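What follows is calculated from the coordinates using simple rules that are stated; it is not laboratory data. Just so you know, these numbers come straight off a predicted model, no measurement behind them. Because the Cβ atoms are built from the backbone with ideal geometry, glycine has one as well, and the counts that use them run over all protein chains shown.
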Amino acid sequence: MWIKQIFMAMVGFSCGLGVAGGLFALIIALGLVAEFADQTHTAKHIFWYEDAVAAGGILGNVVSVYQLMVPVGTVGAGIFGVFSGIFVGAWAMALTEIVNIVPIFTRRIDMRRGLALVIAVMAVGRTVGSLIFYYFRW
């Protein structure tokens, strides 16, 4: 019986590793990591950023597959929620930039002013949504 459990754990871990590897390859291919390094003027540390992305994927995979409980409390859950919101917001903004949703949308509705406010409100909304999701989940 324990051989079956070990086999299932290995298969689950391997499949999760494959999916996470594809996701983080997409993050790097979109240039999200390079853009963050460029915006913060820390391009000389790009390999640290990429290692952090890979480590986050591996640790997230381990926690997800083995359903490890990380006792961080309400404050830790809030901090995790903020970082999750930043991650999801960065993803959403990178994908909208790739497919040119914002320029097409602003042209269609003839928006001439307030684009910066719209983008900021989208980021705040995603962060608040993430905080609410993780607050009620814990």
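The structure-derived value of Rg/Rh (Cα atoms, Kirkwood Rh) appears in the list [x] 1.12; [y] 0.94; [z] 1.05 under the label [z].
How far apart, in nm, are the 7 Å Cα→Cβ label points at residue 118 and residue 38? Between residue 118 and residue 38, the label points sit 2.3 nm apart. Counting only alpha carbon atoms, the long axis of helix 46-66 and the longest principal axis of the chain meet at about 50°. Using the Cβ-Cβ distance between residue 69 and residue 105 with R0 = 41 Å, the FRET efficiency computed as 1/(1 + (r/R0)^6) comes to roughly 0.50. The ranking of 48, 2, 91 from fewest to most other beta carbons within 10 Å of each one's beta carbon is 2, 48, 91. Approximating the spin labels as points 7 Å out from Cα along Cα→Cβ, the residue 3-to-residue 91 distance works out to 3.9 nm. Annotation for residue 50 and residue 28: the two label points, set 7 Å from Cα along the Cα-Cβ direction, are 0.5 nm apart.
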